[in-house]
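The structure under discussion appears below in the form of structure tokens.
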Amino acid sequence: MVFPMASAKPTTVTGYINAAPPEAQKKLREMRAILKKVSPKATETLKWGSPVFEENRILFAYAAYKSHLNFMPTPSAMKPFKTELAKYKTGKGSIQFPYDKPLPKSLISKIAAFRVKELREKDAKWM
């Protein structure tokens with residue numbers, strides 16, 4: 001998390017979202033809802049200061065930054081969606097979604113669903 005914290009570090013995902021700048025909170029809530037819908041059996045926790053979903057292993061993580069939301073579904077989960085991700089800034093296993101544009105909810109759902117399937121069928125590691 002790269003934004004200044006008003007108080008102590010958050011200890012829950014809700015605390016993380018509530019501590020984020022207002023422009024980030026809406027996107028964080030949207031991302032959380034998408035990921036919960038795709039992975040209802042997963043548990044939510046904070047790792048490295050960022051929200052993660054886990055199902056025996058980490059499924060995916062997301063984090064708020066100054067001007068964007070970072071979604072980290074792993075490199076293998078991004079590969080099948082390379083064409084659709086071309087218009088976004090990506091890293092090895094992460095995708096940046098700027099706050100000033102709507103979240104691509106169906107794309108996030110498809111990537112997350114691929115990652116859940118990959119984990120359940122192949123026990124695929126996170127990174």
Exercise. How much length is gained on full extension from residue 36 to residue 106, taking 0.36 nm per residue of separation minus their Cα-Cα distance?
Worked result: 23.8 nm
Exercise. In what sequence, largest accessible area first, do 45, 11 appear using a 1.4 Å probe?
Worked result: 11, 45
Seminar exercise, completed: When every protein chain stays in place and a 1.4 Å probe is rolled, 9, 105 sorted by accessible area with the largest first are 9, 105
Exercise. What figure in square angstrom, to the nearest 10, would you give for the accessible area of residue 76 with a 1.4 Å probe?
Worked result: 50 Å²
Seminar exercise, completed: Between the Cα axis of helix 22-38 and the main Cα principal axis of the chain, the angle (0 to 90°, nearest 10) is 30 degrees
Seminar exercise, completed: For the chain, longest principal axis from Cα atoms; helix 105-122 axis from its Cα atoms; angle between them, nearest 10 degrees, is 60 degrees
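The values are calculated or read from the model by the stated rules, or taken from the named source; none is laboratory data. Quick caveat, the model's predicted, so the values are computed rather than measured. Keep in mind that these areas ignore ligands, DNA and RNA; they rest on the heavy atoms of the full protein, side chains included. Shrake-Rupley method; radii C 1.70, N 1.55, O 1.52, S 1.80 Å.
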